[in-house]
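Participant: Below is a structure I'd like to ask you about.
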Amino acid sequence: MPATNRHNTTPDGQDFEATVAALDWARIEAELDAHGVGLTGRLLDAEACAGLRGLYAEPARFRSRIVMARHGFGRGEYQYFAHPLPQPVAALRPLIYARLAPIANRWNETLGIAQRYPESLDAFLALCHRAGQQRPTPLLLKYEAGDYNCLHQDLYGDLFFPFQMVILLSQPGRDFTGGEFTLVEQRPRMQSRPEVVPLAQGEAAIFAVQHRPVEGTRGAYRVNLRHGVSRVRSGERFTTGLIFHDAR
């Protein structure tokens, strides 16, 4: 394992390189293949979660704020981080990308898609920037009682990475109730299949941005996926989203 540097360690000593290396990547890959979503287990400790939640009230840390109801996206709001990204996000984004790039390339090969993804996030973002996608996409989302997020896909441009990640920053049952992360798979000539994804504070779900390959009797085919959040019944729910492609 490479030596830990200050960019991959939180002020309270959490070592992100060690945390990411210790994840059960064989299980995560199997879950992605089977369901389009894989759970990491705990990625952030309580202090890191609180630190990210606290950034929501600091407008200078963000490039834009979206109120969902104004755009028909649901209810609630979110803000896109500006550079420099907060330390946990900046540390996790390249580490997680490096683990997912081989899976993304395998999926594209299975589906006959020509696009291949470089080993490093920096190299992939350079491709995004050459394609005119230069705005950072990691975001912080805030939901209160009655809020929800309609089913959607986070594409942001012609070039996108097939996976993204959401980390729950609040504690279910204490900070909020309801608000389940939900993935819906739209299967050809079949009814859609929902997947409700339980998360604890600090845990993450990695999931397909647009589609996943499924083996059929005539070979692999695509099934489309969209994700959202069910209605928050009480309290306040914060999450951070790690999207690996930049926006146009």
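Participant: Out of (1) in contact with a Lys or Arg (Cβ under 6 Å, 6 or more places away or on another chain); (2) of a type outside the set (A, V, I, L, M); (3) within 30 Å of Glu236 (Cβ to Cβ), what's the single condition that is false for Gln133?
Facilitator: (3)
Participant: Can you tell me which residues in segment 37-72 are open to solvent by 60 Å² or more (accessible area, probe 1.4 Å), outside any strand (DSSP E or B), within 18 Å of Glu236 (Cα to Cα) and not small (Gly, Ala, Ser)?
Facilitator: Listed by number, the residues that qualify are Glu47, Arg53, Glu58.
Participant: Residues in segment 13-31 that are modelled with pLDDT under 95 and touching a helix residue (DSSP H, G or I) at 6+ places or on another chain (Cβ under 7 Å): how many?
Facilitator: So the answer is 2.
Participant: Moving to a separate point now. Which residues, taken from segment 36-94, are more than 23 Å from Leu199 (Cα to Cα), of a type in the set (A, V, I, L, M) and touching a helix residue (DSSP H, G or I) at 6+ places or on another chain (Cβ under 9 Å)?
Facilitator: Once the filter is applied, which keeps residues that are more than 23 Å from Leu199 (Cα to Cα), of a type in the set (A, V, I, L, M) and touching a helix residue (DSSP H, G or I) at 6+ places or on another chain (Cβ under 9 Å), segment 36-94 yields Ala82, Leu85.
Participant: Can you tell which of Leu159, Leu127, Leu121, Leu92 is under 13 Å from Gly241 (Cα atoms) and among the hydrophobic types (A, V, I, L, M, F, W, C)?
Facilitator: Working: Leu159 fails: under 13 Å from Gly241 (Cα atoms); Leu127 fails: under 13 Å from Gly241 (Cα atoms); Leu121 fails: under 13 Å from Gly241 (Cα atoms).
From the options Leu159, Leu127, Leu121, Leu92, the qualifying one is Leu92.
Participant: Any residue at all in segment 112-129 that is at pLDDT 95 or above, part of a strand (DSSP E or B) and touching an Asp or Glu at 6+ places or on another chain (Cβ under 6 Å)?
Facilitator: No, that holds for no residue.
Participant: If the requirement is being in a loop (DSSP other than H, G, I, E, B), within 28 Å of Arg70 (Cα to Cα) and out of contact with any strand residue (DSSP E or B) (no Cβ under 9 Å at 6 or more places or on another chain), which of these qualifies: Gly132, Gly157?
Facilitator: Answer to the selection: Gly132.
Participant: Moving on. Exactly one condition in (1) in a loop (DSSP other than H, G, I, E, B); (2) over 23 Å from Pro59 (Cα atoms) is not met by Leu151; state its number.
Facilitator: (1)
Participant: If you don't mind, there's one more thing I want to ask. Checking the structure you have, find out if any residue of segment 110-122 is closer than 28 Å to Ala60 by Cα and either of a type in the set (Val, Ile, Thr) or open to solvent by 50 Å² or more (accessible area, probe 1.4 Å) (or both).
Facilitator: Scanning segment 110-122 turns up at least one residue that is closer than 28 Å to Ala60 by Cα and either of a type in the set (Val, Ile, Thr) or open to solvent by 50 Å² or more (accessible area, probe 1.4 Å) (or both).
Participant: Looking at Leu141, Leu85, Leu100, Leu92, can you tell me which residue is within 30 Å of Ala22 (Cβ to Cβ), in contact (Cβ under 8 Å) with a residue 12 or more places away in the chain, assigned to a strand (DSSP E or B) and open to solvent by less than 40 Å² (accessible area, probe 1.4 Å)? Don't jump to the end; show me each part of the working.
Facilitator: Working: Leu85 fails: assigned to a strand (DSSP E or B); Leu100 fails: assigned to a strand (DSSP E or B); Leu92 fails: assigned to a strand (DSSP E or B).
Residue meeting the stated conditions: Leu141.
Participant: Hey, among Ala220, Ala208, Ala204, Ala200, which residue is of a type in the set (A, V, I, L, M, F, W, C), surrounded by fewer than 17 Cβ atoms within 10 Å (Cβ to Cβ) and within 24 Å of Leu92 (Cβ to Cβ)?
Facilitator: Residue meeting the stated conditions: Ala200.
Participant: Looking at the structure I just gave you, is Leu168 in contact with a helix residue (DSSP H, G or I) (Cβ under 6 Å, 6 or more places away or on another chain) and surrounded by 14 or more Cβ atoms within 10 Å (Cβ to Cβ)?
Facilitator: Considered against the rule, which asks whether it is in contact with a helix residue (DSSP H, G or I) (Cβ under 6 Å, 6 or more places away or on another chain) and surrounded by 14 or more Cβ atoms within 10 Å (Cβ to Cβ), Leu168 comes out as no.
Participant: To continue, here is another question. Would you tally the residues in segment 171-196 being surrounded by fewer than 20 Cβ atoms within 10 Å (Cβ to Cβ), at pLDDT 95 or above and among the aliphatic types (A, V, I, L, M)?
Facilitator: 2
Participant: Please enumerate the residues belonging to segment 123-135 that are basic (Lys, Arg) and surrounded by 15 or more Cβ atoms within 10 Å (Cβ to Cβ).
Facilitator: Arg135
The values are calculated or read from the model by the stated rules, or taken from the named source; none is laboratory data. Every value quoted in this text rests on a predicted model; they were computed, and no experiment measured them. Counting neighbours? That spans all protein chains shown, and the Cβs are built from the backbone with ideal geometry, glycine included. Note: areas computed on protein heavy atoms with side chains; ligands, DNA, RNA excluded. Shrake-Rupley method; radii C 1.70, N 1.55, O 1.52, S 1.80 Å.
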